[in-house]
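Please treat every number below as a calculation from the coordinates, not as lab data. The model shown is predicted, which means the values in this text are computed figures rather than measured ones. As a convention, Cβ positions derive from the backbone with ideal geometry for all residues, glycine included, and neighbour counts pool all protein chains shown.
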Amino acid sequence: MNNLNKITHIIESELEEFNKIFRQSIKSKIGIVDLITRYLLKQKGKKIRPILVLLSSKISGGINERSYRGAGLVELLHTATLVHDDVVDNAETRRYFPSINAIWKNKVAVLMGDYLLARGLMLAVDNKDYDFLEVITQTVKRMSEGELLQINKTRKLDNDEETYFKIISDKTASLISTCCEIGARASTDDNKKIEALKNFGENLGIAFQIRDDILDFVGKIKIIGKPLGGDIREKKLTLPIIHALRNSNNAEAEKILKSIKSGGKKLIIKDVIEFVKKYEGITYSEEVAKNYAQKAIQSLDIFNPSEAKDSLIHLVEFVINRKN
């Protein structure tokens, strides 16, 4: 049993049901829209977000129709943001497939992202899941603010640790937290359970993003499917490099920042990675990620032992140890 199967085996049939509902929810009578949605469905991701919704529902009282709608809503929002991100980043590929913008150009990709977001909101409106709408609109706001703050910081190249956590909390953790909150809301009115799962998701999301940022320095190209140092090329200062810059001498820090600012041929990724390792940016970040993972697990203390609880704990371990 691989790591993800260890997490999802208790909701196997529910995931199949979710996939059916999700495929149905993004269908369109407009030819080009249907063509693109079918293309998107071929790109099988890990489905971490729907898994979180369903497991959070299961631990809170049981999976029901609202759980499936909540899972559909977050997956539609997540897919919409990926389509829009590829336009912003000018990305050519997504999960080894050519991106929507690479095939159909930016205008179609932006509109397609809007369509997916609208479908998600309609799913909630049609079924009067107004509490989901309240949660998700706040999330979209946070994700947009996080993205804009990051763009601003890449221009100035003056990111510090506090700002880094603000960015990843809004950009990444907000949606993972929302998955857990919506999953809980689908099956309970108990505010303590809802709050516990919301906190679980927030801490898990931060650990997830730090791990992602570590992999940019130490991942294996074949496994992560992209060259190392992508964040550096994009002038994103993540936790490993922020820590290294703070702990190095001024001359070295200035030299590295100048190299990142200039980009192009003057930027030697290998040198930046060596600099980060020298000043223990990786070790420090791994420790911080583990602390957030531990906080996530502690958030589940209010729940009785169960298979769903075990699966959520395994998911934290999967996130913290992942190689891609």
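How far, in nm, would the chain grow between LEU257 and GLU92 when pulled straight, counting 0.36 nm per residue and subtracting the alpha carbon separation?
Difference between extended and current length: 56.7 nm.
Specify the residue with the greatest mean-square fluctuation among LYS128, LYS309, LYS290, computed from a Gaussian network of the chain linking alpha-carbon atoms under 10 Å apart.
It is LYS128.
Of LEU54, LEU116, LEU204, which is the most mobile in a GNM of the chain whose springs link Cα atoms less than 10 angstrom apart?
LEU116
Defining a contact as two alpha carbons under 8 Å apart and six or more residues distant in sequence, what relative contact order in percent does the stretch 3-321 show?
Over the stretch 3-321, the number comes to 20 percent.
Given PHE217, ILE7, THR283, which one lies farthest toward the positive end of the charge dipole of the chain, if we put +1 on the Cβ of every Lys and Arg and -1 on the Cβ of every Asp and Glu?
My answer, from the dipole projection, is PHE217.
Within the stretch 54-98, find all residues whose amide N lies under 18 Å from a label point positioned 7 Å from the Cα of ILE10 along Cα-to-beta-carbon.
The answer is 54-64, 67-68.
Quick one: putting +1 on the C-beta of Lys and Arg, -1 on the C-beta of Asp and Glu, what dipole do you get for the stretch 3-321 around its Cα centre, in Debye to the nearest 20?
1180 debye
Hey, rough spin-label estimate for SER306 and ASP189, points 7 angstrom out along Cα→Cβ, what's it come to in nanometres?
Calculated label separation equals 1.9 nm.
With the dipole of the chain worked out from charges on the C-beta (+1 for Lys and Arg, -1 for Asp and Glu) around the Cα centre, which of GLY61, THR37, GLY72 lies farthest toward the positive end?
THR37
On full extension of the chain, what length is gained from LYS323 through LEU157, given 0.36 nm per residue of separation minus the C-alpha to C-alpha distance?
Gain on extension, LYS323 to LEU157, equals 57.0 nm.
Round to a whole angstrom and tell me the spacing of the C-alpha centers of the stretch 33-54 and the stretch 61-125.
8 Å
Please express the Cα-Cα pair-distance distribution P(r) of the stretch 24-70 as a list of whole percents, one per 10 Å bin, running from 0 to the bin with the greatest distance.
Histogramming the stretch 24-70 at 10 Å steps yields 23, 37, 30, 10, 0 percent.
Can you tell me which of ALA173, ALA207, ALA118 moves the most in a GNM of the chain? Springs connect C-alpha atoms under 10 Å apart.
Taking springs between Cα atoms under 10 Å, the residue moving most is ALA118.
Can you put PHE200, PHE208 in order of Cβ neighbours within 10 angstrom, beginning with the fewest?
In order of increasing Cβ crowding within 10 Å: PHE208, PHE200.
Fewest Cβ neighbours within 10 Å first, please rank LEU73, LEU228, LEU4 accordingly.
Going from sparsest to densest Cβ surroundings: LEU4, LEU228, LEU73.
Helix-derived [θ] at 222 nm for the chain: sum -39500 (n - 2.57) over DSSP H runs of at least 4, divide by residue count, nearest 500?
-25000 deg cm²/dmol
Under 1.5 on a/c is rounded, so check that first for the stretch 155-275, then, if it is not, pick prolate when a/b is larger than b/c and oblate when it is not; a ≥ b ≥ c are the square roots of the alpha carbon gyration tensor eigenvalues.
Here the stretch 155-275 falls in the prolate category.
Treat each spin label as a single point 7 Å out from the Cα along the C-beta direction, and report the ASN106 to LEU41 distance in nm.
If labels sit at ASN106 and LEU41, their model points lie 3.1 nm apart.
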